[in-house]
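Worksheet for the structure shown next.
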Amino acid sequence: VTAEKAGFDHFMLKEVYDQPKAYRDTMGARIDASGTKVLLPEVGMTREQIADIRNVHIIACGTAFHAGLVGKSVIETLVRIPVEADVASEYRYRSPIITPQTLVIVVSQSGETADTLAALREAKRNGARVLAITNVVGSSIAREADDVIVTWAGPEIAVASTKAYTSQLIAFFLLGLYLAQTLEKVEAGYVKEVLAAMQELPKQVEQVLAQADSIREVAEQIAKHHNLFFIGRGLDFATALEGSLKLKEISYIHSEAYAAGELKHGTLALIEDGIPVIALATQEVLFEKTVSNIKEVKARGAQVYGIHMEGNDELSKVVDETFAIPQTHQLLAPALSVIPLQLLSYYASLALGHDVDKPRNLAKSVTVE
Ligand code: AGP
């Protein structure tokens, strides 16, 4: 077993460190040699079929759903098609409006999650085309979907999903660009720029991982608390949700992720002296707004840890501690900003002496509804 962990103490930590390779492998031959085009032969739709799509539904559970939230933003921004993202267990029972012009995207690491599989079947019954993003070739979801984008993250053993999640983000970036390029919704120069930024990501993940010691220190502080908040806007809110789930799952510390602008609609009442707040502020256009929400929690005594993009040091003036991720394209930021949050939950779980790889009450793959 130690050998499988490649010298790491836990599968989760190994899988966190596998991410640069997982990004490279998932991008792989899907970016053409000139770096100007996305190649996705596994998406078997013709240009006409793609042009015929009226709406997109993204369906998944847990962490895969959080990847779906990023996917929604990416597709809406790049392709300008309406996208809804739902957790699979809700989707099936809310009588969703599915037509043959709906593209349904199911996201699942294992490809065996019962609710996601049932939603896929429901979508197909209604005549929709189903595209799966999965990590397991030959899984039930891969077999039943019309098109399959495989995330080449390699086997994920730890219950807490890390490299599968970030590989799903890469798959969504590629898919969004592919649809946009096919429908000529974006300039060729823009595609090239995003692809160049994507190719920098593996190296940038390594730069984040190199700062694990400073994240460990924060994790050890956080492990002393029973409650905390993650806040962010836009794509940072999706990352906040994922950071909060990861922390709950393996450290058993209660946390909530909040859209930063929603705080004053109730949640601010819970902010008291010393409560840790992890504030994500990687999105340039939302930066000032997030800063004003951070000031709201600071004024009520919160201990704020801010995550921002390098080169923007403004945050250090308002928060207690900052962590910088390398500069990247705005849309791609979640693929970097989640890394410190993965390490944060890992080290918090470790500090509390929990079973990191096998948290209580949870299974790696949920095959019952
Ligand atoms: C992630 O850390 C969780 N263990 C869980 O939310 C998981 O993402 C969810 O059960 C979906 O699994 P799947 O991707 O295999 O469908």
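Within the stretch 295-317, does at least one residue satisfy the condition of being farther than 21 Å from Val70 by Cα and within 16 Å of the ligand (Cβ to nearest atom)? No: zero hits. Suppose we keep only residues that are among the acidic types (Asp, Glu) and within 16 Å of the ligand (Cβ to nearest atom) within the stretch 222-255. Which one would you say is surrounded by the fewest Cβ atoms within 10 Å (Cβ to Cβ)? In this case the residue turns out to be Glu249. Restricting Leu241, Leu331, Leu270 to residues that are over 30 Å from Lys163 (Cβ atoms), among the aliphatic types (A, V, I, L, M) and touching a residue at least 12 places away in the same chain (Cβ under 8 Å) narrows the list to Leu270. Residues in the stretch 28-68 that are assigned to a loop (DSSP other than H, G, I, E, B), among the aliphatic types (A, V, I, L, M) and within 23 Å of Ile81 (Cβ to Cβ): Leu39, Leu40, Val43, Met45, Ile53. Criterion applied to Thr322, Thr328 was being surrounded by fewer than 20 Cβ atoms within 10 Å (Cβ to Cβ), away from the ligand (no atom under 16 Å from the Cβ) and of a type in the set (Ser, Thr, Tyr), and the one residue passing it is Thr322. The set of residues from the stretch 1-38 being of a type in the set (A, V, I, L, M, F, W, C), exposed (fewer than 15 other Cβ atoms within 10 Å of the Cβ) and within 23 Å of Met198 (Cβ to Cβ) comprises Ala29, Ala33. Filtered by the rule that a residue be surrounded by fewer than 24 Cβ atoms within 10 Å (Cβ to Cβ) and closer than 14 Å to Ala132 by Cβ, the stretch 146-173 gives Asp146, Asp147, Val148, Val150. Screening the candidates Asp9, Asp25 for the property of being out of contact with any Lys or Arg (no Cβ under 8 Å at 6 or more places or on another chain), in a loop (DSSP other than H, G, I, E, B), over 22 Å from Gly127 (Cα atoms) and more than 16 Å from the ligand (Cβ to nearest atom) yields one hit, Asp9. Residues of the stretch 90-149 that are part of a loop (DSSP other than H, G, I, E, B) and among the β-branched types (Val, Ile, Thr): Ile97, Ile98, Thr99, Thr113, Val136, Val137. The set of residues in the stretch 95-110 being among the hydroxyl-bearing types (Ser, Thr, Tyr) and either at pLDDT below 95 or over 26 Å from the mean Cα position of the chain (by Cα) (or both) consists of Ser95, Thr99.
The values are calculated or read from the model by the stated rules, or taken from the named source; none is laboratory data. These figures come from a predicted structure and were not determined experimentally. Note: ideal-geometry Cβ built from the backbone for every residue, glycine included; neighbour counts use all protein chains shown.
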